[in-house]
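One structure is given below, encoded as structure tokens.
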Amino acid sequence: MKVSTQLSELSQQWRMSRLLHPLYVALSREFVLEMPVCADLEGGVDAPSEESIRQATEWFDTMDERIQVHQLRQFLQTTPLADSETLRTILLRFLGKKKHSALDRDKIDFLLVQFFSLSTPMRLDDVDCDLESVAQILEPVLGELEVKIPEWLKTLDQIIQAANGCHRLSELFSARLLEQGRKLKVQCGEKYFQPASMLAFTRFNFLIRRVFFHLMHDDLNAILDGLRELQSRGINTLDCRRAHFSHQEPSERLRMICHSWKVMFHAEYSSGQPLKMLADLRTVVEEALSRTGGGVSADVSGVAANHKGAAKATAAAGAPNSTGMGRSMSSEPGQTPSHAAEFDISPDSNRDEGDVL
């Protein structure tokens with residue numbers, strides 16, 4: 001290698017390190033991670049020695065081992081430091097590693113869909129989210145790609161189609177669709193890091209996440225509307241043991257829990273315990289409505305239908321962005337306060353949540 005070429009590469013490596021250093025420091029403070037000191041990075045040295053660059057590389061490697069996927073995911077979805085250029089830089093760092101661990105794979109998987117989400121045109125419709133469009137947006141990090149899904153990843157489209165047929169989170173969980181995607185990803189092994197594989201999984205993650213957040217909002221709205229209807233019938237406590245709450249859970253506390261879930265689900269989604277509780281809580285509320293009034297009232301059914309219609313109408317905008325998974329809706333023209341959606345997919349939101357399966 002020519003000396004000039006080597007110096008150019010070292011210089012570029014140092015520029016990347018200086019760009020990412022504030023992000024890693026902020027992340028370590030957020031999660032109180034034990035962080036070694038890299039003096040030249042801390043001091044902002046402009047012309048480091050080759051030894052300083054080597055030490056910086058080791059510092060980042062150490063930090064990568066300590067930072068867990070859920071921490072990276074939660075932090076990058078809420079910090080103003082994570083613009084598209086920063087995401088591109090951190091992606092190039094992970095992709096440039098000579099050896100990749102399972103932890104690297106999961107981080108790359110999240111970073112790719114997060115970068116894609118931030119870079120997509122506004123109101124990207126599902127039909128426009130084809131491989132060609134995804135490949136074009138990912139070109140700055142993956143290079144020019146052959147737009148073709150490997151034969152062993154053809155089942156990804158089948159999982160997406162099945163997810164699109166679900167009407168609530170419990171259906172998505174019962175079908176174990178998220179687990180199917182995750183299992184396929186793990187089974188790929190080293191083949192995951194082939195550009196065509198990463199392209200296919202980025203598109204899959206983006207579309208499956210969109211379905212997930214629509215179902216989550218539908219469940220939250222159904223619960224909140226149901227609680228409001230039950231309160232109008234004089235019922236202010238529910239037996240929520242099925243959803244791992246108490247046998248006399250106050251309606252107001254359940255409403256507060258739903259609002260806290262809105263924030264909590266920034267960090268991660270899977271068929272884990274919190275989301276299973278959400279799905280079970282919807283069932284509890286619907287069963288209570290059936291027992292006390294012969295089923296869900298026409299008003300509540302109408303509100304649920306309006307929510308679903310709003311979600312479909314704004315599907316092109318993706319899931320809510322990282323500044324809020326939903327918005328508290330005030331009464332709109334033609335809507336009484338009792339019919340206002342408490343959570344809805346904001347019409348002016350145009351980004352998907354970044355998350356990994």
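The values are calculated or read from the model by the stated rules, or taken from the named source; none is laboratory data. Please read these numbers as outputs of a predicted model, since none were measured by experiment. Cβ placement follows ideal geometry from the backbone for every residue including glycine, while neighbour counts extend to all protein chains displayed.
Can you name the residue in the stretch 25-40 that is under 16 Å from ALA56 (Cβ atoms) and among the hydrophobic types (A, V, I, L, M, F, W, C) and, of all such residues, is modelled with the highest pLDDT?
Among those residues, the one meeting the criterion is VAL25.
Looking only at the stretch 142-154, decide whether some residue is among the acidic types (Asp, Glu) and closer than 30 Å to MET35 by Cβ.
Scanning the stretch 142-154, I find no residue that is among the acidic types (Asp, Glu) and closer than 30 Å to MET35 by Cβ, so the answer is no.
Quick one: which residue in PHE75, PHE116 is within 25 Å of GLN136 (Cα to Cα), among the hydrophobic types (A, V, I, L, M, F, W, C) and either touching a residue at least 40 places away in the same chain (Cβ under 8 Å) or in a helix (DSSP H, G or I) (or both)?
None of the others qualify; the one that does is PHE116.
For the stretch 148-202: of the residues being without any contact (Cβ under 8 Å) to a residue 40 or more places away in the chain and not in a helix (DSSP H, G or I), which is surrounded by the fewest Cβ atoms within 10 Å (Cβ to Cβ)?
The selected residue is LYS154.
What are the residues in the stretch 56-67 that are in contact (Cβ under 8 Å) with a residue 12 or more places away in the chain and either under 13 Å from LEU23 (Cα atoms) or surrounded by fewer than 18 Cβ atoms within 10 Å (Cβ to Cβ) (or both), if any?
THR57, PHE60, THR62, MET63, ASP64, GLU65, ARG66, ILE67
Identify, from the list GLN194, GLN187, GLN158, the residue that is over 20 Å from the mean Cα position of the chain (by Cα) and under 24 Å from ALA279 (Cβ atoms).
The unique qualifying residue is GLN158.
If you check ASP83, ASP46, ASP40, which single one turns out to be of a type outside the set (A, V, I, L, M, F, W, C) and touching a Pro at 6+ places or on another chain (Cβ under 9 Å)?
Going through ASP83, ASP46, ASP40 in turn, just one is of a type outside the set (A, V, I, L, M, F, W, C) and touching a Pro at 6+ places or on another chain (Cβ under 9 Å): ASP40.
Of the conditions (1) aromatic (Phe, Trp, Tyr); (2) in contact with a helix residue (DSSP H, G or I) (Cβ under 6 Å, 6 or more places away or on another chain); (3) over 18 Å from ILE108 (Cα atoms), PHE75 clears all except one; give me its number.
Looking at each condition in turn, PHE75 falls short on (3).
Looking at GLU50, GLU42, GLU34, GLU30, which is the one that is over 19 Å from GLN13 (Cβ atoms) and more than 25 Å from the chain's Cα centre (by Cα)?
The match here is GLU34.
Please go through the stretch 20-38 and pick out each residue that is in contact (Cβ under 8 Å) with a residue 12 or more places away in the chain and surrounded by fewer than 16 Cβ atoms within 10 Å (Cβ to Cβ).
Correct list: PRO22, ALA26, GLU30, PHE31, LEU33, GLU34, MET35, PRO36.
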